[in-house]
Amino acid sequence: MTVNIDHLELEIPCPSCGQEAKQTIGRLKQSPVLICRAGHQFEADPESLRKLIQTAQENIDRLARNLSKTIQF
Ligand SMILES: [Zn+2]
């Protein structure tokens, strides 16, 4: 079972000021550009981004599996 996580937001710290910049996973898959709250525009490292998205996907899938075990319809 795979859950679509494209609408979820990732928080990535800005390399210039350290403030968190948020962007949805769907957008980041298309273009890894983020803008922090201070207005800095930066690109997420593609390798770390890939790992972040993979980890998020695994966590959500595990959660969904556990939920479907617990809830009986
Ligand atoms: Zn910044």
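Values in this text are rule-based calculations from the coordinates and carry no lab data. Computed from a predicted model, the values in this text were never measured in an experiment. Positions of Cβ are backbone-derived with ideal geometry, glycine not excepted, and every protein chain shown enters the neighbour counts.
Here is a check on your reading of the model: is N4 surrounded by 11 or more Cβ atoms within 10 Å (Cβ to Cβ) and more than 16 Å from the ligand (Cβ to nearest atom)? Considered against the rule, which asks whether it is surrounded by 11 or more Cβ atoms within 10 Å (Cβ to Cβ) and more than 16 Å from the ligand (Cβ to nearest atom), N4 comes out as no.
Those residues that are out of contact with any Asp or Glu (no Cβ under 9 Å at 6 or more places or on another chain) and either away from the ligand (no atom under 16 Å from the Cβ) or farther than 22 Å from S16 by Cα (or both), I need them from segment 29-48; list them, please.
Passing the criteria: Q30, P46, E47, S48.
Residue by residue, here is whether (1) within 16 Å of I5 (Cα to Cα); (2) surrounded by 13 or more Cβ atoms within 10 Å (Cβ to Cβ); (3) in contact with a helix residue (DSSP H, G or I) (Cβ under 8 Å, 6 or more places away or on another chain) holds:
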position	(1), (2), (3)
T24	yes, yes, no
L28	yes, yes, yes
I35	no, yes, no
F42	no, yes, no
P46	no, no, no
R50	yes, yes, no
A56	yes, yes, yes
N59	yes, no, no
R62	yes, no, no
